[in-house]
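Asker: Before we start, here is the structure in question, set down as structure tokens.
The values are calculated or read from the model by the stated rules, or taken from the named source; none is laboratory data. Because the structure is predicted, anything quoted here is derived from the model rather than measured. Glycine gets a Cβ as well: all are built from the backbone with ideal geometry, and neighbour counts include every protein chain shown. Note: areas computed on protein heavy atoms with side chains; ligands, DNA, RNA excluded. Shrake-Rupley method; radii C 1.70, N 1.55, O 1.52, S 1.80 Å.
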Amino acid sequence: IYQNEANPYIQEFKLKGLYQWRNAEVNSDQGDKKLHENRRARLGATMRLLYNVEIQGEFDLVDEYASPDGIPSGYKGIDTLYATVSITQGLDFSFGKMKPEFTYEYTADSTELAVLERSLLVEQILPAKSTGFALNGKTGSWEFEFGVYSGERSDGLSGFNDGLFYHARATYDFSDPEIDE
């Protein structure tokens, strides 16, 4: 909607949305069945300001765990709502309700997955999107993250009264940067 690098306060503002609907229709000698599911509906925005702060938020408009006949109900809760501050080149600090960087499969955006669902293993052990703090960095071929998150599962911003979980990750990119260019 808006982009202006010369503005000293707000450099960019974008709206985003996601709607995922699934449908199945079976016609057989054993019977017919029609199913549909409003899987996800989200509406959100991203704002980049002061040249080093980005605020992102998405709100759920349908419960993704609702019955297959569930319909978008208006407002379900906060999916994500967080701010990221660039401390230096390659070092960021984030805080708010966000997705912990837990496995490549979980951190991939659902719109980029080649399949409809994540694997059963990831679905069983993944942490919820939680209120927390994270330090992310990149230097050369190394990337790292260290985060502290609330143990409370909530449709809104969770508190820190139900325990914490800690997350640390380090990755190394073995690809040759000259080949990628």
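Asker: Apply the a/c threshold of 1.5 to the C-alpha gyration tensor of the range 83-157 and tell me whether it is rounded, prolate or oblate.
Answerer: In terms of gyration-tensor shape, oblate.
Asker: Using only the heavy atoms of the protein chains and a 1.4 Å probe, how would Asp92, Asp60, Asp155, Asp32 rank by accessible area, largest first?
Answerer: Solvent-accessible surface, decreasing: Asp32, Asp155, Asp92, Asp60.
Asker: For the residue pair Lys16 and Ile55, what label-to-label distance in nm results when each label sits 7 Å from Cα along the Cα-to-beta-carbon direction?
Answerer: Each label point lies 7 Å from its Cα, and together they span 1.7 nm.
Asker: Also, quick follow-up: I need the phi-derived Karplus couplings for the range 21-38: 6.51 cos²θ - 1.76 cosθ + 1.60, θ = phi - 60°, integer Hz, Gly and Pro marked x.
Answerer: Here the 3J(HN,Hα) series is 10, 10, 9, 9, 9, 10, 10, 8, 5, 7, x, 10, 8, 10, 10, 9, 9, 7 Hz.
Asker: Using a simple spin-label model with points 7 Å from Cα along the Cα→Cβ vector, what separation in nm is obtained for Leu135 and Ser154?
Answerer: Output for this residue pair reads 2.5 nm.
Asker: Excluding ligands and nucleic acids, what accessible area in Å² is computed for Leu91 using a 1.4 Å probe, to the nearest 10?
Answerer: Leu91 exposes around 50 Å² with every protein chain in place.
Asker: Which whole-Hz couplings ³J(HN,Hα) result when phi for each residue of the range 141-146 is put into the Karplus expression 6.51 cos²θ - 1.76 cosθ + 1.60, θ = phi - 60°, listed in order with x for Gly and Pro?
Answerer: Karplus-based 3J(HN,Hα) across the range 141-146 equals 8, 9, 10, 8, 8, 9 Hz.
Asker: Further, regarding this structure: Using Cα pairs under 8 angstrom and six or more residues apart, how large is the relative contact order of the range 1-47, in percent?
Answerer: Once divided by the residue count of the range 1-47, the mean separation gives 39 percent.
Asker: Amide H of Lys76 versus every other amide H placed in the peptide plane: which residues, excluding those fewer than 5 positions away on the same chain, fall under 5 Å?
Answerer: Asp60, Leu61, Val62
Asker: Still on this structure, I have one more. For the chain: lysine pairs with Cα atoms under 21 Å, gap of 8 or more or different chains, count?
Answerer: Close lysine pairs found across the chain: 12.
Asker: What residues have an amide H closer than 5 Å to that of Thr103, excluding those fewer than 5 places away on the same chain, when H is modeled at 1.01 Å from N in the peptide plane?
Answerer: none
Asker: Put a dot 7 Å past each Cα toward the Cβ at Phe165 and Asn27; how far apart are the dots in nm?
Answerer: 4.6 nm
Asker: Using modelled backbone amide H atoms (1.01 Å from N, in-plane), which distant-in-sequence or interchain residues come within less than 5 Å of Gly151's amide H?
Answerer: For Gly151, the qualifying residues are Asp162, Gly163, Leu164, Phe165.
Asker: Suppose every K and R has +1 on its Cβ and every D and E has -1 on its Cβ; what is the size of the dipole of the chain about the Cα centre, in Debye to the nearest 20?
Answerer: So the magnitude is around 640 debye.
Asker: Once the piece of chain linking Tyr172 and Asp109 is laid out straight, how much longer is it, given 0.36 nm per residue of separation minus the C-alpha distance between them?
Answerer: That pair, Tyr172 and Asp109, stretches by 20.6 nm at full extension.
Asker: Can you compute 3J(HN,Hα) from phi for each residue in the range 47-53, using the Karplus curve 6.51 cos²θ - 1.76 cosθ + 1.60 with θ = phi - 60°, rounded to whole Hz and x for Gly and Pro?
Answerer: Couplings: 10, 10, 9, 6, 6, 9, 10 Hz.
Asker: What does the helix-only formula give at 222 nm for the chain: each DSSP H stretch with n ≥ 4 adding -39500 (n - 2.57), the total divided by the residues, and the result rounded to the nearest 500 deg cm²/dmol?
Answerer: -1500 deg cm²/dmol
Asker: To one decimal place, what Kirkwood hydrodynamic radius in Å is obtained for the chain from all pairs of distinct Cα atoms?
Answerer: 18.9 Å
Asker: I want to verify a result. In a Gaussian network model of the chain, Cα cutoff 10 Å, which of these has the top mean-square fluctuation: Glu12, Glu117, Glu54?
Answerer: Taking springs between Cα atoms under 10 Å, the residue moving most is Glu117.
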